[in-house]
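The values are calculated or read from the model by the stated rules, or taken from the named source; none is laboratory data. Worth saying up front: this structure is predicted, and the values here are computed from it rather than measured. Ideal geometry is used to build each Cβ from the backbone, glycine not excepted, and the neighbour counts take in all protein chains shown. To get the accessible areas, we keep the full protein, side chains included, count just its heavy atoms, and leave off ligands, DNA and RNA. Shrake-Rupley method; radii C 1.70, N 1.55, O 1.52, S 1.80 Å.
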Amino acid sequence: MLGDNDVLIVVDVQNDFCPGGALAVPRGDEVVPLVNRLAARFRNVVLTQDWHPRGHLSFASSHPGKRPYETIAAPYGAQVLWPDHCVQATPGAAFHPALDIPQAALVVRKGFHRDIDSYSAFYENDRTTPTGLVGYLRERGLSRVFLAGLAFDFCVRYSAEDARREGFAVFVVEDACRSIDIEGSVAATRASFAAAGITCLSTRDFAAGADG
Ligand SMILES: [Zn+2]
């Protein structure tokens with residue numbers, strides 16, 4: 001059963017990642033009702049919000065001659081280039097209007113440093129610059145991390161891997177996620193989760209009371 005030590009992290013359910021947005025995840029909006037119902041079971045919910053300055057390093061438009069979905073060598077490693085998305089305080093960066101999780105106690109904004117991208121809720125893409133979320137969860141005594149949202153094979157994946165590396169028990173609610181799936185990224189995500197001991201669940205597991 002879910003309890004006081006469990007937290008749901010809802011990853012990047014923002015307009016730009018939904019159909020019609022600048023970096024739409026196919027059928028991304030379908031997670032909204034699933035995430036709303038799932039979140040109602042949790043006392044502790046954290047939302048993440050991709051939140052880039054204009055001219056962000058992850059934008060293809062910041063690199064003359066480059067196109068979205070090409071990869072560049074950033075100082076911290078390979079970085080996929082994206083269409084401009086989730087620019088701070090624009091409608092695209094806002095949460096999906098049907099996202100309804102009033103009890104969410106924390107919003108973690110990420111990707112706000114111009115020269116580093118941040119897929120993970122915990123660390124930026126150099127994998128050493130922290131967002132502060134590890135400290136928040138530890139101070140609040142939250143030890144089991146459940147994740148849902150967008151996209152399964154990028155921001156959910158990186159968040160789950162970092163949480164596991166920090167010693168949390170980690171569960172990904174896969175049907176409440178949607179994927180981008182470029183260059184085998186979904187298969188790579190599943191393999192990584194299996195190797196790391198990250199458990200994939202379905203929202204149906206919660207309805208049955210077998211919630212982790
Ligand atoms: Zn981004």
Filtered residues of region 1-46 (kept if out of contact with any strand residue (DSSP E or B) (no Cβ under 9 Å at 6 or more places or on another chain) and within 16 Å of the ligand (Cβ to nearest atom)): 24
Residues (closer than 24 Å to residue 144 by Cβ and within 16 Å of the chain's Cα centre (by Cα)) located in region 39-60: 39, 45, 46, 47, 48, 49
Flag if residue 59 is open to solvent by less than 40 Å² (accessible area, probe 1.4 Å) and within 20 Å of residue 179 (Cα to Cα): yes
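Taking region 83-123 only, how many residues are assigned to a loop (DSSP other than H, G, I, E, B) and either more than 11 Å from the ligand (Cβ to nearest atom) or not charged (D, E, K, R) (or both)?
Residues meeting the conditions: 28.
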Spans of helices (runs of 4 or more DSSP H) in region 156-212 with at least 1 residues farther than 14 Å from residue 34 by Cβ and open to solvent by 10 Å² or more (accessible area, probe 1.4 Å): 157-165, 185-196
